[in-house]
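The values are calculated or read from the model by the stated rules, or taken from the named source; none is laboratory data. Every value quoted in this text rests on a predicted model; they were computed, and no experiment measured them. Note: ideal-geometry Cβ built from the backbone for every residue, glycine included; neighbour counts use all protein chains shown.
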Amino acid sequence: MLKIGEINVFYSDLQALWNVSFEVNEGEMVTLVGSNGAGKTTTLRTLSGMMHPRSGYIKFLDKNIEKLPSHEVAELGIAHIPEGRGLFSGMTILENLRMGAFSKRARKKVNETLEWVYELFPILGERKNQIAGTLSGGEQQMLAIARGLMSSPKLLMLDEPSLGLGPKLVLKVFETIKRINEEGVTVLLVEQNVRHVLELCSRGYVLEQGRITLEGKGENLLKDPYLKNKYLGM
């Protein structure tokens, strides 16, 4: 579904990604892990068209998208849920959800998608007229994910969905992401919570200082001596 080939990405003259290559197959849940400043957020911003690689390519469903603006990338079926959630805090839950269905393909089935989102997150349906900025951190994360789903994505990209949440909420968020994947949405997940996410995902890539340094099945990466020592404290 998604194939990235040797992309090099810069902030002005400062290089952030170095020959990064990886792929996500349809129906998979793939994770990109690494420490702060490794380039994970930059990777997602580049995939969603907010930034553009200076060289290399990005293919989504066999279409080159590395030069497309973000709204055209979204129209193709890629939803990007950013770190920090990016909600419209002064708007209601329902208004935020409807903002997620801005594309032509999403507007055609907005009511059907709303029903699905309310099934995934019943609390959002119960509080649909509540102002988003008054929600708890966990509820805001649920709303951010739900708003992304309103675009009817083929690929859902999430940047640090567990950030700032307590242990119980982290598990709940991960369980919801797993269910979304099981219901047919391909997922690319960026996380610092290495153990949980590698147990959850089928495959993973380790990004360090803008370079892919390890890749493999989640269960195999969890056994890797280098990864265990650096990221799991073992």
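Points to keep in mind about this one:
- Residue check, residue 13 of a type in the set (Asp, Glu), assigned by TED's automatic domain parsing to the domain that holds residue 218 and either at negative phi or under 19 Å from the mean Cα position of the chain (by Cα) (or both): yes
- Close contacts from the range 55-73, counting a first residue that is touching a residue at least 24 places away in the same chain (Cβ under 8 Å) and a second that is part of a helix (DSSP H, G or I) and among the hydroxyl-bearing types (Ser, Thr, Tyr), with Cβ to Cβ under 9 Å and a gap of 6+ residues or different chains, come to 58/46; 66/46.
- The single condition from (1) small (Gly, Ala, Ser); (2) in contact with a Leu (Cβ under 6 Å, 6 or more places away or on another chain); (3) at pLDDT 95 or above that residue 38 fails is (3).
- Those helices (runs of 4 or more DSSP H) lying entirely in the range 102-220 with at least 1 residues touching a residue at least 12 places away in the same chain (Cβ under 8 Å) and not assigned by TED's automatic domain parsing to the domain that holds residue 29: 104-107, 110-120, 122-126, 137-149, 167-182
- Qualifying positions in the range 93-144 - touching a strand residue (DSSP E or B) at 6+ places or on another chain (Cβ under 7 Å) and among the polar types (S, T, N, Q): 129, 130
- Lone qualifier among 83, 6, 26, 95 - being part of a loop (DSSP other than H, G, I, E, B) and modelled with pLDDT of 95 or more: 26
- The residue that is farthest from residue 172 (Cα to Cα), counting only those in the range 221-234 that are among the aliphatic types (A, V, I, L, M) and assigned to a helix (DSSP H, G or I), is 227.
- Of the residues examined, residue 100 is one that is at pLDDT below 95 and buried (at least 21 other Cβ atoms within 10 Å of the Cβ).
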